[in-house]
Amino acid sequence: MTVPFRTPARRHAFTRGNFRPGPRVVPGVIESTDGEGVADPTPGLQALIGAWQDVQDDVRTHGNPEYDEIVLDCVRRLVADPGGDRAPLWVLGLAMTLPYSGRRPEGVFGAVHDALDRADHALKARPCTHAEHPYEDGLDDPPHYLEDVARPLAQGDTDFSAIGWTGEQWACPRNIAGLARVGMDRMVPGSTADVPARLSQDAQDTLDRLSSVLEGYGFDAYNEIADAGSELRFVTSDGDRAGGALVATAASWYALSGVVRERWVLDDLIETLEEVPLDALDHPCAHGDDGHPGLPGFLDDEPDRPAIADDTLTLGVHLGDDAGRALLEQAGIDLSLWLCPRFTAATARKTLSELREGREELFGHRETGHLDTEFLRADGTLAIEPFTALFDGRDESARELQGIWAARRHAHAADDRERTVLFLTAATALRITHPGPAIALARDIRTLLRTIAETPHPRTCAHDDHPALERLDGAALRHLHAPETFPAPRPGAEAFGCPAHLAALAAAGVRDVDGWCGKEDQAPSPRPPAARPGAK
């Protein structure tokens, strides 16, 4: 499902390729605060616009005296003549720099808000003939496209066909007044009327952070995923509960993808979803058993998880936010289906089940005793043919379990040949996982790898080269186990069992598993404490 409504852009400004760490020199900056002595801005308009763009692009800076002066210069120009011919350009400048000025103290923040308010009062009652205006689309964050509006406006150009509106519509006093109101509402949510619905800042921040994690850019991915949907612990409304359940569901797909290496992340998600009163919500509704929407990849098993998780996250954040629900309604989405308590209960129950099962798959103890009857003969020795038949199979889950069984069996093997086969099988099980082995898989295999790596072994051998582990197959294992019965399937197959080669594989395997899963086998780690403000 692709959510059919517009959401603010979430790309960092410096990905645009024009990030500039410092401001340009701005000609004609005003020194006066009362409008007197305002220089003719015409010669420096393009440089001014470039300076505004610099302030907008430098998303990392929260306080810079030069940036403050650029913003305040624009404020003074607008205050000097809030209804004048250049007012559209000054309002655009303040809108462009809003991501910066909106985070500044009162001296900048309040001055910007006051200037925008003056422009709104001076322009909103002016007559116009337009049925609609660009401000009704709201403002992206950051509003990059405004540079493409300001530059032609500064030149008196009216050809705006490339961005879907005319220059006349952009410069219309009512549009500029509307843009000023949008800016004020961004600074103080709910402070102005007649502005487009937009997500609350908290909801937008949640969407930005979790989207970054799902796309692989999160800097604190474990905590972000563990906290997803945490408002479910406190909410009572259908919207907040439905939204939280969908956000947690989107996060669960990431948590179960294999990239999370600490159990507490899944534990926290599970505890969050356990706050949903499933029995109280799961009662008959007007939609019937088949009338609820399905989450692609969740309720109907579509495989394309990353894009679906992002869509589900976006929908969940909007459902949990008053303005977000208004945006959904404007897009024609039937909220009664998505807010239905029974649907929320079904979503939470399914996600809980997957998280609990996945937690055991990733971190729990995997039982392998039942494989004894399949892989051992009556005398207790390895049944090589059924064992290697599974090794050659395509069932990766069964292959992983076989690897754990082989690692546990190794200490009880009948002879060196059987130990060689078991070791190679266990080592190979680590290579077929993506993005790396689960803790439950690596735990026993790493113990075996360390044992082999630490056992004295010859450092040299008679082989010129050793075959890559990826070339190992059942035929080679059968030959290593019983060379008198199974001829070598190809030249050099016996080199798989070379003691020096096995030791090298074990050492490399330990390094790999330590990199994937941490250096020590240990009990599940607790959630790390939150960093103190100012801590380094």
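Computed from the coordinates by the stated procedures, all read-outs in this text should not be read as laboratory data. Every value quoted in this text rests on a predicted model; they were computed, and no experiment measured them. So basically every Cβ, Gly included, is an ideal-geometry build from the backbone, and we count neighbours across all protein chains shown.
Work out how much length A507 to T129 would gain on full extension: take 0.36 nm times their residue separation and subtract the Cα-Cα distance, in nm to one decimal. Numbers along the way, then the final one.
Numbers: separation 378, 0.36 × 378 = 136.08 nm, distance 7.69 nm.
Length difference between fully extended and current span is 128.4 nm.
Does the range 404-444 classify as rounded, prolate or oblate by the C-alpha gyration tensor (a ≥ b ≥ c root eigenvalues; a/c under 1.5 gives rounded; else a/b over b/c gives prolate, otherwise oblate)?
Values: a/c = 4.76, a/b = 2.04, b/c = 2.34.
Judged from the Cα gyration tensor, the range 404-444 comes out oblate (a/c at least 1.5, b/c at or above a/b).
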Can you pull the three principal axis extents for the Cα set of the range 314-468, in Å, largest first?
-> 74, 39, 25
Taking the Cα centre of the range 204-254 as origin and charging only Cβ (+1 Lys, Arg; -1 Asp, Glu), how large is the dipole, in debye to the nearest 20?
-> 160
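Rg(Cα) of the range 56-115 divided by 2.2 N^0.38 Å?
Details: Rg = 10.9 Å, N = 60, 2.2 N^0.38 = 10.4 Å.
The value comes to 1.05.
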Theoretical gain in end-to-end length, A197 to E136 [0.36 nm per residue, Cα-Cα removed] | 21.0 nm
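Evaluate 2.2 N^0.38 Å with N set to the residue count of the range 44-175, then give the Cα radius of gyration divided by it. All intermediate terms of the calculation are to be shown ahead of the outcome.
Numbers: Rg = 14.1 Å, N = 132, 2.2 N^0.38 = 14.1 Å.
Taking N as the residue count of the range 44-175, the ratio is 1.00.
Would you mind getting me the FRET efficiency between E66 and D220? Use the beta-carbon distance for r and R0 = 41 Å, nearest 0.05.
Details: r = 31 Å, r/R0 = 0.76.
Between E66 and D220 the formula returns 0.85.
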Using only the Cα atoms, work out Rg/Rh for the range 211-263, with Rh taken as the Kirkwood radius, to two decimals.
-> 1.01
Would you mind computing, in nm to one decimal, how far apart the modelled labels at T485 and S230 are, each placed 7 Å from Cα along Cα→Cβ?
-> 5.8
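Stokes-Einstein D for the range 145-193 at 10 °C, 1.306 mPa s, Kirkwood Rh over Cα pairs, in µm²/s? Display every interim value, and only then the final one.
Values: Rh = 11.7 Å.
The diffusion coefficient I find is 136 µm²/s.
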Per 5 Å bin from zero, what fraction in whole % of the C-alpha pairs of the range 385-531 is there, up to the bin with the longest pair?
-> 2, 9, 19, 22, 21, 13, 7, 3, 2, 1, 1, 0, 0
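Using a Förster distance of 22 angstrom, determine the FRET efficiency expected from the C-beta separation of D395 and R366, and round it to 0.05.
Details: r = 15 Å, r/R0 = 0.67.
For D395 and R366, the calculated efficiency is 0.90.
Whole-Å semi-axes of the range 433-493's equivalent ellipsoid, largest first, each the root of 5 times a Cα gyration tensor eigenvalue? Kindly include the intermediate steps, with their values, before the conclusion.
Details: eigenvalues 130, 63, 32 Å².
Semi-axis lengths for the range 433-493 are 25, 18, 13 Å.
Would you mind getting me the FRET efficiency between S336 and E494? Use the beta-carbon distance for r and R0 = 51 Å, nearest 0.05.
Numbers: r = 69 Å, r/R0 = 1.36.
Efficiency computed from Cβ-Cβ geometry: 0.15.
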Radius of gyration and maximum dimension Dmax of the range 90-237, Cα, Å | 18.0, 55
Sort out for me the Cα centre separation of the range 156-199 from the range 222-296, rounded to whole Å.
-> 37
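Report the extension gain between S237 and T451 in nm, rounded to one decimal, defined as 0.36 nm multiplied by the number of residues separating them, less their alpha carbon distance.
On the way: separation 214, 0.36 × 214 = 77.04 nm, distance 5.59 nm.
Taking 0.36 nm per residue and subtracting the Cα distance, the gain is 71.5 nm.
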